[in-house]
Amino acid sequence: MSDHRPTARDYPLAETAPDRVTGSRGRTLDELTLQRALSGEIGMEDLRITAGALRAQADVARSVARDALAENFERAAEMTRLPQDEIMAIYELLRPGRARSRDDLAAAAARLRTEFDAPRLAAFVDEAAGLYQKRGLFRTRY
């Protein structure tokens, strides 16, 4: 992605700036063909959304005052750095009745900050911990 911060005028990026939408190995959308997929030349890394694409979507959302949506895209951008098993572990902890205490969520938030440089995700988990405490959602339900 270039330094230009996209706005609503640039939406959808895949149509207005397809050369800016690339996979993690730098392939553009035009390079993603069925023939290349069938030959094995294209793998999952080429199909996954990148942090840059998600941040660009956040810029578009913010340009039309959709700040909450922009925050979601920015958290998603951070999530691209996490291994799949970590995402699933945190997802499981966030389900009501799955974390035993606030400490479980606090530990997950700390891991997000220190191991994965994901401050937005960590803040989200910290916020959830406070709300779960307030609403009594730490009790074991299953």
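Summary of values
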| item | result |
| --- | --- |
| Residues (closer than 22 Å to Met79 by Cα and either part of a loop (DSSP other than H, G, I, E, B) or open to solvent by less than 30 Å² (accessible area, probe 1.4 Å) (or both)) located in region 121-142 | Leu121, Ala122, Val125, Ala128, Ala129, Gly130 |
| Residue in region 43-60 that is in contact with a helix residue (DSSP H, G or I) (Cβ under 9 Å, 6 or more places away or on another chain), modelled with pLDDT of 95 or more, surrounded by fewer than 16 Cβ atoms within 10 Å (Cβ to Cβ) and farther than 24 Å from Arg9 by Cα present | no |
| Residues of region 55-93 that turn out to be part of a loop (DSSP other than H, G, I, E, B) and among the polar types (S, T, N, Q), as a count | 1 |
| Asp46 vs. criteria touching a strand residue (DSSP E or B) at 6+ places or on another chain (Cβ under 6 Å) and charged (D, E, K, R) | no |
| Filter result for the condition that a residue is in the same structural domain as Arg66 (by the TED database) and without any contact (Cβ under 8 Å) to a residue 24 or more places away in the chain, over Arg36, Arg5, Arg20, Arg48 | Arg36 |
| Region 94-120 residues that are at pLDDT below 95 and assigned to a loop (DSSP other than H, G, I, E, B), paired with ones that are of a type in the set (S, T, N, Q) and open to solvent by 40 Å² or more (accessible area, probe 1.4 Å) (beta carbon under 9 Å, 6 or more apart) | Gly97/Thr140; Arg98/Thr140; Arg100/Thr140; Ser101/Gln133 |
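The values are calculated or read from the model by the stated rules, or taken from the named source; none is laboratory data. Keep in mind that this is a model prediction, so the values were computed, not measured. Every residue, glycine among them, receives a Cβ derived from its backbone with ideal geometry; neighbour counts consider all protein chains shown. Each accessible area value is taken on the protein alone, full model and side chains, heavy atoms only, with ligands, DNA and RNA left out. Shrake-Rupley method; radii C 1.70, N 1.55, O 1.52, S 1.80 Å.
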